[in-house]
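This report concerns only the one structure given below.
The values are calculated or read from the model by the stated rules, or taken from the named source; none is laboratory data. Keep in mind that this is a model prediction, so the values were computed, not measured. Counting neighbours? That spans all protein chains shown, and the Cβs are built from the backbone with ideal geometry, glycine included.
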Amino acid sequence: MKISTLKRKAGATAQCRGHKMIWSEVYRSPYGFGGDCQDGSCLLCGDVVQLTENPPPNGIDIEGTAMSRNCRYKNLMPNERAKK
Ligand SMILES: [Zn+2]
């Protein structure tokens, strides 16, 4: 799947879970199967997601904590985030 498609899907999931994602530059996959990768992280809680166009056999194309749990800080004001 193209990196732009993966980013759209992962971005939609992250948004549903309350995360506010920022994304790295697209970079060449380090796994030796070709394709591109991109990383994202949530501005509020720091949860991450990694996108891999051609994942290794034991890998997956979209993975990370931002996909598997809701944002812990989404409903908190900035001053309350510091205390948590
Ligand atoms: Zn978050």
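Please give the number of the condition Asn75 fails out of (1) within 15 Å of the ligand (Cβ to nearest atom); (2) modelled with pLDDT of 95 or more.
Just one mismatch for Asn75, condition (2).
From the set of residues in the range 1-31 that are free of Cβ contacts under 8 Å to residues at least 24 places away in the same chain and in a loop (DSSP other than H, G, I, E, B), which is surrounded by the most Cβ atoms within 10 Å (Cβ to Cβ)?
Val26
Restricting attention to the range 40-59, which residues are farther than 16 Å from Met1 by Cβ and either crowded, with 16+ Cβ neighbours inside 10 Å or within 11 Å of the ligand (Cβ to nearest atom) (or both)?
Within the range 40-59, Ser41, Cys42, Leu43, Leu44, Cys45, Gly46, Asp47, Val48 qualify.
Would you tally the residues in the range 32-55 being part of a loop (DSSP other than H, G, I, E, B) and among the hydrophobic types (A, V, I, L, M, F, W, C)?
Number of matching residues: 4.
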